[in-house]
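Novice: Take this structure, written in structure tokens, and hold onto it; I'll ask about it next.
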Amino acid sequence: MPPPKTKILYQCQSCGYTSLKWLGKCPDCGGWNSFTEEERIAKLKKRETAEPIKLSEISHSTGKRHSTEILEFDRALGGGVVLGSVVLIGGDPGIGKSTLILQALKGLTKLGQVLYVSGEESPEQIKIRADRMKIKSNNIILLPETSLEGIISIAQDINPQAIVIDSIQTIFSLELPSTPGSVAQIRECATKLMFFAKKYGIPLFIIGHVTKDGAIAGPRVLEHIVDTVLYFEGDRGTPFRILRAVKNRFGAANEIGVFEMTEEGLREVDNPSQLFMSERPLGVPGSVVTASLEGTRPLLVEIQALVSTSSFGVPRRTALGVDYNRINLLIAVLDKRIGMHLGGMDIFVNVVGGLKIEEPALDLAIITAIASSFKNSPIDSGTFVFGEIGLSGELRAISQAETRVKEAEKLGLKRGVVPTGNAGNLKGSDIDVIGVKNVEEALEILFF
Ligand code: TYD
Ligand code: MG
């Protein structure tokens, strides 16, 4: 048989699109200058084929879950880790991914030995971290190895109950000529590791770095391969961290776990609303409380806005933790429907605690915070708002209003300004629920 032919391909390093020619702009993800040469070895080997199975004969044992003994982590996973599942954990450098995974591994040692593969830190460094977190276990095996073939052969020898790869960008396969961290390497390594995990029914955690624009580097390819994608988010200036499921084949996406970074590792936060509300300034313009929903969990958060006269020709609009386009839309609604002229104003909107919230139920809180700052008039501190806003300024009902109101009640709030569509179903609550039809009505109630 002739040796396998090699062919040069060009591959986009951010989305994995391949082309026979070098391209300046990726037609798939639109990235510029992202193509590099990748050699591809023609795969001549015959693929192993799987056996067909009757649906009725498949047993449930593959869906068995184990607890990591961290409730908030289990929750983000959809109720514990599924054997043979592949979980990708992404996040900014220094946010606490290695800390989190070490803590979770500790919980999994009750099953037996677990393997921690680190291509980034030496065993001594990991030991220092473990000491700091008071983790002592004979069952955590460290492996400072970056070659995929090496990792798989050692994993076969020691037969661990869980494997962590920290991080996928440092691992490379000897079969590919491209450098570690390239799309081809990441895809190859993740796929081989996944086959290994599925074959032996071992949970596999892959840690991935995130690029400046927030995607896991080499990433979309990875998100398709794995079963679960968790993002570890938070503002490095604050101790709060959110573990968010953005994809989950074994549970609800959008479920979150909340943590606080302490001197001795991550601490679970079982009442996050209380935490986010604890430092709220009272009686200050530009701040309002809203009840948001993350997965199945209600979360009270403070939305802040600052409106100030712009000293530049083009006013600045900054959105931290909320969608930038949404802010612009809501500013336009305030301008057109309420006659609040914000054209010459710099506007900053922030979700306190480094949270990122995407649901439209936040709209009314954003508009209220902006209006409050603009008028320099504070919102009553016992009041919360929620509701989606349409382009004509109308308030639309949102889902699970009852859960949100209950959470507000639990934290001692007294009054809720909500869409009329939701207010009808909330009659029984102890909170004074006021239904409003549009932004104008809402602001009238809130500022008197
Ligand atoms: P790390 O887990 O190394 O982050 P990542 O793997 O995402 O890059 O955590 C890094 C930060 O966490 C570092 O700045 C120190 C801080 N930290 C604590 O505050 N307390 C602790 O107990 C530990 C282990 C880390
Ligand atoms: Mg790390």
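Quick note: the coordinates plus some simple rules give every number you see, no bench work behind them. Note that this is a predicted model, so its numbers are computed, not measured. Positions of Cβ are generated from backbone atoms using ideal geometry, with glycine treated the same way; all protein chains shown enter the neighbour counts.
Novice: Which value, in debye to the nearest 20, describes the size of the charge dipole of region 179-296 about its Cα centre when Lys and Arg Cβ atoms bear +1, Asp and Glu Cβ atoms bear -1, and nothing else is charged? List each step's numbers first, then the result.
Specialist: On the way: 13 positive and 14 negative charges, 127 e Å.
Dipole size: approximately 620 debye.
Novice: Could you list, in their original order, any pairs among Lys410/Lys437; Lys64/Lys427; Lys414/Lys437 whose Cα atoms are separated by more than 30 Å?
Specialist: Violating the 30 Å Cα-Cα cut-off are Lys64/Lys427.
Novice: May I ask for the Rg/Rh ratio of region 358-400, computed from Cα atoms with Rh as the Kirkwood radius, given to two decimals?
Specialist: Reported Rg/Rh, Kirkwood definition of Rh: 1.00.
Novice: What's the extension gain from Gln400 to Glu121 if we count 0.36 nm per residue and subtract their Cα-Cα distance?
Specialist: Working: separation 279, 0.36 × 279 = 100.44 nm, distance 4.44 nm.
Working it through step by step, the gained length comes to 96.0 nm.
Novice: Follow-up question, since we're still on this one. Can you give the extra length, in nm with one decimal, that the chain gains between Leu20 and Ile53 once fully stretched, where that is 0.36 nm per residue apart less the Cα-Cα distance? It would help to have the intermediate numbers written out before the result.
Specialist: Values: separation 33, 0.36 × 33 = 11.88 nm, distance 3.86 nm.
Gain on extension, Leu20 to Ile53, equals 8.0 nm.
Novice: Going by alpha carbons, how many degrees (0 to 90, nearest 10) lie between the helix axis of 363-375 and the longest principal axis of the chain?
Specialist: With both axes taken from Cα atoms, the answer is about 50 degrees.
Novice: Sticking with this one: So for region 287-354, considering every pair of alpha-carbon atoms, how many percent are separated by more than 14 Å? It would help to have the intermediate numbers written out before the result.
Specialist: Details: 1466 of 2278 pairs.
Cα-Cα pairs in region 287-354 separated by more than 14 Å: 64 percent.
Novice: Next question. Under the Karplus relation 6.51 cos²θ - 1.76 cosθ + 1.60, θ = phi - 60°, what is the ordered set of whole-Hz ³J(HN,Hα) values for region 379-395, x standing for Gly and Pro?
Specialist: For region 379-395, the Karplus curve yields 9, 3, 6, x, 10, 10, 9, 7, x, 8, 10, x, 5, 8, x, 7, 9 Hz.
Novice: Hey, what D do you get for the chain in µm²/s if you plug the Kirkwood alpha-carbon radius into Stokes-Einstein at 20 °C and 1.002 mPa s?
Specialist: Details: Rh = 24.4 Å.
Calculated translational D: 88 µm²/s.
Novice: Moving on to the next point. Quick one: order Glu294, Glu38, Glu223 by neighbouring beta-carbon count within 10 Å, fewest to most.
Specialist: Details: Glu294 22, Glu38 19, Glu223 15.
Fewest-to-most ranking of Glu294, Glu38, Glu223: Glu223, Glu38, Glu294.
Novice: While we're on this one: For region 91-241, what does the equivalent ellipsoid look like in terms of its semi-axes, each the square root of 5 times an eigenvalue of the Cα gyration tensor, given largest first in whole Å? Could you put the intermediate results ahead of the total?
Specialist: Working: eigenvalues 96, 88, 38 Å².
Semi-axes from the Cα gyration tensor: 22, 21, 14 Å.
Novice: How much mean residue ellipticity at 222 nm does the chain get from its helices, if each DSSP H run of length 4 or more adds -39500 (n - 2.57) and you divide by all residues, to the nearest 500 deg cm²/dmol?
Specialist: Calculated from helices alone, the mean residue ellipticity at 222 nm is -7500 deg cm²/dmol.
Novice: From the phi of every residue in region 181-192, what ³J(HN,Hα) in whole Hz does the Karplus formula 6.51 cos²θ - 1.76 cosθ + 1.60 yield, where θ is phi - 60° and glycine or proline is x?
Specialist: x, 6, 4, 4, 5, 4, 5, 4, 5, 5, 5, 4
Novice: A follow-up question, please. I'd like the Kirkwood hydrodynamic radius of region 185-330, using the inverse of the mean 1/r over distinct C-alpha pairs, in Å. Intermediate values should be presented prior to the final figure.
Specialist: Details: mean 1/r = 0.0542 Å⁻¹.
For region 185-330, the Kirkwood estimate is 18.5 Å.
Novice: While we're here: What does the convex hull of the Cα atoms of region 99-171 come to per residue, in Å³, rounded to a whole number?
Specialist: On the way: hull volume 5.5 nm³, N = 73.
Output value, Cα hull per residue: 75 Å³.
Novice: For Asp380 paired with Glu264, estimate the spin-label separation in nm (one decimal), with each label point 7 Å from Cα along the Cα-to-Cβ line.
Specialist: 4.4
Novice: Among DSSP bridges having both ends in the chain, what percentage is antiparallel? Round to the nearest 5.
Specialist: Working: 46 of 84 bridges.
Expressed as a percentage, antiparallel bridges in the chain total about 55.
Novice: So which cysteines of the chain have no other cysteine's Cβ under 4.7 Å from theirs?
Specialist: Cys189
Novice: When every alpha-carbon pair in region 268-412 is counted, what percent end up more than 23 Å apart? Walk me through the intermediate numbers first.
Specialist: Numbers: 3211 of 10440 pairs.
Taking all Cα-Cα pairs of region 268-412, the fraction more than 23 Å apart is 31 percent.
Novice: Something else: Return an integer: the convex hull volume of the alpha-carbon atoms of region 379-442, in Å³ per residue.
Specialist: On the way: hull volume 4.6 nm³, N = 64.
Spread over its residues, the Cα hull of region 379-442 gives 72 Å³ apiece.
Novice: Could you state the angle between the C-alpha long axis of helix 123-132 and the longest principal axis of the C-alpha atoms of the chain, as a value from 0 to 90 degrees rounded to the nearest 10?
Specialist: Once rounded, one gets 40 degrees.
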